[in-house]
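Data block below; observations after.
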Number of protein chains: 2
Amino acid sequence: MANIYDYAYDLEKALRNSEEFTALKDAYEKVMSDESSKQMFEDFRQTQMTLQQKQMQGEEISEEEVEKAQSVVQLVQQHPDISKLMEEEQRLNTVINDVSQIITKPLEELYGTPGQEEQ
Amino acid sequence: MANIYDYAYDLEKALRNSEEFTALKDAYEKVMSDESSKQMFEDFRQTQMTLQQKQMQGEEISEEEVEKAQSVVQLVQQHPDISKLMEEEQRLNTVINDVSQIITKPLEELYGTPGQEEQ
Ligand SMILES: [Ca+2]
Ligand SMILES: [Ca+2]
């Protein structure tokens, strides 16, 4: 029987060649090829990451920051190339999450789903 | 070319049949087969989860809770079957992390590692 890593590399190749990944790559490269959409997308990612980090560290998020984040989201949603990119990100995320659930099934079976044993 | 999910199921099967997973399963079942080690391990997991949740939600952790957690850790480390189980968990985690890095390589290449573009 082949090595776990051989199977992982096969799966990586399948993901890399998938319609979902190539569509994401095209959408990403389209956004990055234009200075204005590139800057807008990077601002968006930076804003999301800053808020996420604050949330994870239990820091307070000011009203001003919430408003800034909302306006950045509205801006990118109105940009066709960026909203297309976010759609493709969502589509690939679904595949990655499905794959992750499949490969961690043995562990889930062993340990049970969280809280299950207490029911 | 086969479907992404076919490759994911092949990988799942390889993980399930791996020496790492079967060793973890044996260690887990050994701990669970004894009422005393089972209870000790469940107390340990419960304590870890409670602290993790508080940390994630930015809640304060009292000195008493820290001391309780430390004594639970010391207790399980001294129990040969539980420390063996934790060793096997660590070993499988390493494999899972490696696999996860392999299959998310295309995304990492596309987006770059965090902060990389700013260097
Ligand atoms: Ca229980
Ligand atoms: Ca930049």
- Exactly one of A:25, A:38 is among the basic types (Lys, Arg) and either closer than 30 Å to residue B:53 by Cβ or more than 10 Å from every other protein chain (Cβ to nearest Cβ) (or both), and that residue is A:38
- Item | Subset tally (residues that are small (Gly, Ala, Ser) and modelled with pLDDT under 90) for segment A:4-63 | 1
- Scanning for something of a type in the set (D, E, K, R) and either in contact (Cβ under 8 Å) with a residue 24 or more places away in the chain or under 30 Å from residue B:10 (Cα atoms) (or both), does segment A:94-105 turn up at least one residue? yes
- Would you call residue B:46 within 16 Å of ligand 1 (Cβ to nearest atom), loosely packed, with under 14 Cβ neighbours inside 10 Å and in a helix (DSSP H, G or I)? yes
- Index of the failed condition, residue B:88 passing every other in (1) surrounded by 15 or more Cβ atoms within 10 Å (Cβ to Cβ); (2) in contact with a Ser or Thr (Cβ under 7 Å, 6 or more places away or on another chain): (2)
- Message: Return the residues of segment A:31-54 that are away from ligand 2 (no atom under 11 Å from the Cβ) and within 13 Å of residue A:75 (Cα to Cα); say none if nothing qualifies.
- Response: A:36, A:37, A:40, A:44, A:47
- Output the qualifying pairs, or none if there are none: Cβ atoms under 8 angstrom, residues six or more apart or on different chains, first residue in segment B:1-25 and closer than 23 Å to residue A:15 by Cα, second residue surrounded by fewer than 16 Cβ atoms within 10 Å (Cβ to Cβ) and of a type in the set (Gly, Ala, Ser). B:14/A:2
- Among the residues of segment A:71-80, write down those that are surrounded by 15 or more Cβ atoms within 10 Å (Cβ to Cβ) and over 17 Å from the mean Cα position of the chain (by Cα). A:72, A:79
- Picking from B:61, B:96, B:102, which residue would you name as being within 14 Å of chain A (Cβ to nearest Cβ), outside any helix (DSSP H, G or I) and of a type in the set (A, V, I, L, M, F, W, C)? B:61
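The values are calculated or read from the model by the stated rules, or taken from the named source; none is laboratory data. Note that the coordinates shown come from a computational prediction; the quantities given were computed from them, not determined experimentally. As a convention, Cβ positions derive from the backbone with ideal geometry for all residues, glycine included, and neighbour counts pool all protein chains shown.
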